[in-house]
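What follows is one structure encoded as structure tokens, with my remarks underneath.
FYI, it's all coordinate maths here, none of it is from the lab. Every value quoted in this text rests on a predicted model; they were computed, and no experiment measured them. Positions of Cβ are backbone-derived with ideal geometry, glycine not excepted, and every protein chain shown enters the neighbour counts.
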Amino acid sequence: MVYITEELIRRRAEHNDCEILSLEEVSLHQQDIERIEHVDRWCRELRILYLQNNLIPRIENVGRLKKLEYLNLALNNIQVIENLEGCESLRKLDLTVNFVGLLSSVESLQHNAHLRELFLVGNPCTEFQGYRQYVVAALPQLKWLDGTEISRSERIRASQGLEQVRRRVREQEQEYLRRREEQREEASRRDKERKPDSQDDKENLRSAEEEEQDFWHTPCSFTPESRLEAHRRLEEEKNANRKEPEKKNKPPRTLITADGRVMNINEPKLAFSLTEDEENDAVVLDLAVYSSESADLKRLILRHMDTSLMDVDVQPTYARVSVKGKMFQVVLPAEVKPDSSTARRSQTTGHLVLTMPRAEGELRGQKPVPRRRRDAPSRSSAEDRNRKDKIPERLEVDPSKRKSVDITNIVSERSSGEDLQEKRDLTAELPEGFMDDPEVPPLI
């Protein structure tokens, strides 16, 4: 059984900022409600109330809604029109497809002086002989009945033979009440057959599938009992389909393979960037703790997510971050120092920034030499051969065009004998009394 709760009304009052005291319109249709309650105390300002397509058997607890102008109770289980005298402003009442069989109960609407429209299409009372004439004569304030305007001449004719029509309507009501009693007994008998008391009855009971097929394919009277039974069966079928299948235990996710290869994993589907800081000789991982496709409100909440919901683990060759139980793992481009690594939240973006210094002795890859394009002009074969053999190139200079001094010919080439004779000549020219000091180096 579904009840009208404050939470239900607030959910239906989003257009009024979820405030119910000042609520003027609320729709509670298709909620499987079985009783009208609390609305007249919580929503005194209501002007429009939608309660169609529920399981409401009686009109009750609406007498305090003095400002109510439109009440929709179509597709319910109402059998009598009652308890609407307090709705002083009521202008439109919709009771389409209910079970109103006491046509005389429409006279209770005479106290609703502002009532202008009434819908009774699909009720048993509309099959009574003289139905429209009786309603038009009983409610002189009506302007429309079942979507058809009431003319002045029709109202005059209805008032002329009212007593005779009223007497005929009462006779038909008695016949209707007799049929309703038979319908209740039939519904009670079917209910007992569905719930056997003895063990013998249970053994003789047909299978549930056969009984279900018979219910939906066997014609029956349209009564409040049959409608409730159909609703009950539909709910049972819905609940049976709603049961979640047994969840299969997922195998644990492989973070590192058997041969020691580290896997790249991004379970939370986070945006990230992995860069190398050459200036500080470190590897930097910038990990967004929210999805870039999320809404602004979600980004604002996750931006200030508690750091305790994240677990960081840095290893020499990979970094691992657990965000709300979901694993993020990435292989690093170089070996790092885990003990010297730091993890901080960015003050501007809220991202998680891991700074991991590069390990000492880490070899950096050399930049590859760009290859010559195929369409580039080819050099001479000798030049290519010299470059291949790594032979240094020599510059050829024309001696006739040289203007610098030739230092190679400053000293003439003479024989050793001439040099010795020249030394003797110099020694012979020394003056008398010349003493040779051995500490003084020779002139030549």
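Residue-normalised convex hull volume from the C-alpha trace of segment 2-47: 67 Å³ per residue. Distances between placed amide hydrogens fall under 5 Å for Asp277 paired with Ala282, Val283, Val284, all partners being 5 or more residues away or on another chain.
Remark: segment 6-173 is approximated by an ellipsoid whose semi-axes, taken from the C-alpha gyration tensor as √(5λ), come to 31, 16, 12 Å, largest first.
In terms of other Cβ atoms within 10 Å, Ser105, Ser188 run from fewest to most in the order Ser188, Ser105.
Annotation: the residues Arg132, Arg64, sorted from fewest to most other C-beta atoms within 10 Å of their own C-beta, follow the order Arg64, Arg132. Once amide H atoms are placed 1.01 Å from N in the peptide plane, what residues at a sequence separation of 5 or more from Gln315, or on another chain, have their amide H within under 5 Å of its amide H? Residues meeting the amide H criterion: Arg320. Ordered by the count of other Cβ atoms within 10 Å of each Cβ, fewest first, Thr126, Thr254 give Thr254, Thr126.
Over 31 Å apart at the Cα level, from the set Lys238/Lys324; Lys238/Lys326; Lys67/Lys143, are Lys238/Lys324; Lys238/Lys326. The overall shape of segment 100-171 is rounded: from the C-alpha gyration tensor, with semi-axes ordered a ≥ b ≥ c, the ratio a/c is less than 1.5.
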